[in-house]
Amino acid sequence: MRAWLMISVFLCAAPSHAAAEISADSKALASIEKELKQAIAHEKPDAAHLFHIYRIAGREFQAYGFLKQARSVYEKALAVKTDEDPSEPIIQLLQLDYLEKNLKEQKRHLAIARARIKNSDLLEYVEWYEKALVGGEKGPERFEGGLFGAPARWSMLEKLMREKKFNEAFALINPKGVEQSSLPHRITYDLLNVLVNRRKAGNLFCADDLKKYPDAYSYSIRLCKILSSYIEKGAVDPAAWQSLESFFKENNESAVQDKRYLVAAAEELKK
Amino acid sequence: MKLSRGKCLSVLGVVAVLWACNQAGLGVGTAVSNLASAPLDGLRGVGNFLTGKTYSNYTKKTATLRVELPQTCTTAGSHAGQAIRILDPAMRATLGSACKCAPWGDCPRNLCDCKALCPDSFDILSVHADRLPGAPAHGLVFQNDPDFFAGTRHPMVQGGGYCWGHASVTSKFNRLGFFDPGHELTAPRSSKEWRNFYSRVIDDVTDNKATQIPGFSNLAEFSSHPTIQEMLAEKVAKEWAGKAMKLGTLGIAMKDGQMSPDTAQKLVTDVAERVKNHQAPQIAFTFGRKFSTHIVIVSSVHAQSNGSHVFCLKDSNFSASQNQRCRRHIVIGADGSASGSDYGAIGGIEVASNEDSDTVAQISSLVKRCRGERGC
C-alpha cells in the first residue's frame, strides 16, 4: 500500500519536475494542497515515505509557480528524520534562493548541502554555487565559464558597482564583447566607461539606439541621454536625470528596481 | 505545462493496473521507487517518464491523424463537399480557387473537419514552421554574450552567458508569436501603457501561450526596440535561472565523456523526428569539462555518407550572419563521438529538459487559438 501511494503521488507529480513555467492557478494550488494533506492523513506514512511525499509535492508546487509553497514543503522534507537522499530538496531550495535573491537562506542551505549531500557530482555543483554566487566577504570568488558562468560575473559586477569600485567593475568587462549584447548590458558598460573616463569615454554603445529611439520608455535610453550629454557638456542634465528617476518611480517590478544600483552609480557623475 | 488533475488521475488509473498485476512487489514499484530516489539520472528519467509519455502520446496522435486526414483540397464551387486529393489533375486546374483543408487552413467548417484544420498534434506547430531559427528575422537582435567579461576570447571559456534563456525565448517567440505589423496600439510607443502591454505579451509568450503581437513583423524587429529589448533581456536571464539551476539539469552538465553509439543514434533519431515535426528543438551539450555546457537550437539534421550526422544550429553566441548556411554545426559520429564547428570534442548531448513539456503546452495553446479563430 505504501509503495502504491508512493508511485501514485510520485507519478502525479513527476511531470512537474520537467515542466517549464506554468501559470499560477488558485484551483491548482488548492488541489495540490488537498492532495498533500490527504496523502499524509490517509496513509500515515513512515519517515521515508513522508520525505518522498513532501519532495514530490515540492516539485508540483514549483512547476505550477507556487514557490512559497514549494519552499515550505522542501523544508519539511529536510526536517524529516530519515536516511533518504536529501539532494533534491536542497538543490531546489538553492535554486529558489537564487531566484528570490535570499542571501540568508542561501548560506543556511549551503551549510546543509555540505553536511548532507553525498553525491560527489552534486557536491561539486554546490561548491561552484557557493564560490561563484555567494563567495566570502569579497563576494563571488569563482569565475568559470560555461553554463553557470554568467550569474557569477554579474553578481560580482553589481557588487563592485554598489561599492563604487568603478575601476574594478570596468576592468571585468571586455569591450570587444559588448557590441552584440543586449541594451541593458551595453548601458552598464557605457555607464562604467563614463564613470572611469568621464568626458574622454569616447563613443557610447547605446548611441545608435538613442538616435533611433530618443523617446523610448526605457531606463537604458534615459541613462544614455544622461551619459551622452555629460560627455558633451561635462555635467548631468537635470531634466534627463529627472526623467531617469521618474522611470524607476513609475515601475515597481523587481526587474526594474533591481537596476537601481545603476542610478546610484550614475549619481556619482553629479559630483 | 498545465497538467490538469484529470490527466493526473488517468495516469493513476494506469499505474493501478500495472501495480495490481505485479503481485511480487517488484518490477513497477521497485523501478519507479528507484527513479524516485536516484539523485540525477533517476530524476531526469522521472521527469521524462510522465512528460515523455505525454509527448510520446503526441507522436502517436500525430501519426494517426496524418493517416486519417490526408491533405485534401476542396473547392467551394461545383465540387463543393467533395474531397479531392491534391494531386488530382482536375484539382490542380482549380487550385487557385481552392481552400485549404489542412492545419490552419481556410476551408469553412462545412467543407473541412476541425480535426484537420486544428489538429491536436505536432502539426499544429506547422503554423510557423517557415521561421528558420538561423534566419536573421527570426532571432533576437542581441546575442548571448559569452565574451562580455574580460579574458581570452573563446566561445565558452570565459563568461558564459544565458544561453538557455536566449534559446528558450527565441524558440517560444518563433512558435507562438503571431506578429501583426498592420496594427498599432493606440498608446504612444513612448508611454508606460505601451510598455505595460508588451510586458504582458512577453510574459504570455514565455508562459507558452500563443499570443498576438501587434505593431511588429518578426522577432528581430520586436527585439530591436529599446523598451522591448530591456524586458526581453531580463526574461532571458530569468528563463535561464528557471532551467539551468534545477536538479534535473545537472545531469547533462556533468556529462563530459563521449556518448555511446547507441545513445548517439537515439539522439539523432529523436532530434530528426522533432525537426520533421515542426519543432526546432533545443539541445544541451557539454564539452571540455563538467559545467562547460551550452544550449543551442537545431534547425536541421543531415545524414552523411560515412554514417555520421550533422546538426545545423542556431547558436546564440554568434550573429545572424554567422548562423547562416549551417556554419554553426555539430557532427555526431556513428561511434558516439561528437565535435562542433566551435567547441572541440563534445561529450554528452541531450534534448533540453524543457522541450517536451514546453512543446506539449504550446500545442495546447495553439490548438485553442486555432479552434477559436475557426469556430471549432
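None of the figures in this text is laboratory data; all of them are computed from the coordinates on show. Since the model is a prediction, treat every value here as computed from it, not as a measurement. Using ideal geometry, Cβ is built from the backbone for each residue, glycine included, and neighbour counts are taken over all protein chains shown.
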Per-residue ellipticity at 222 nm attributable to helices in chain A (runs of n ≥ 4 DSSP H, -39500 (n - 2.57) apiece, nearest 500 deg cm²/dmol) works out to -21000 deg cm²/dmol
Cα gyration tensor category, rounded, prolate or oblate, for region B:275-361 with a/c compared to 1.5: rounded
Charge sum, other residues only, whose C-beta stays under 9 Å from B:Gly134's C-beta, Lys/Arg counted +1 and Asp/Glu -1: +3
Tilt, helix A:26-43 to longest principal axis of chain A (alpha-carbon atoms), in degrees rounded to tens, equals 30
With r as the distance between the Cβ atoms of A:Lys271 and B:Cys376 and R0 = 56 Å, compute the FRET efficiency 1/(1 + (r/R0)^6) and round to 0.05. 0.30
Fewest-first sequence of A:Thr188, B:Thr170 by Cβ atoms within 10 Å of each Cβ: B:Thr170, A:Thr188
With everything on Cα atoms, drop me the angle between helix A:2-18 and the longest principal axis of chain A, reported from 0 to 90° to the nearest 10. 20
Give the angle, between 0 and 90 degrees and rounded to the nearest 10, that separates the Cα long axis of helix A:238-250 from the longest principal axis of the Cα atoms of chain A. 10
Per residue of A:196-206, other chain Cβ atoms within 10 Å number on average 0
Applying the gyration tensor rule to the Cα atoms of region A:127-267 (axes a ≥ b ≥ c; rounded if a/c under 1.5, else prolate if a/b exceeds b/c, else oblate), the class is prolate
Name the residue farthest towards the positive end of the dipole of chain A from the options A:Val126, A:Tyr98, A:Met161, assuming +1 on Cβ of Lys and Arg, -1 on Cβ of Asp and Glu, about the Cα centre. A:Met161
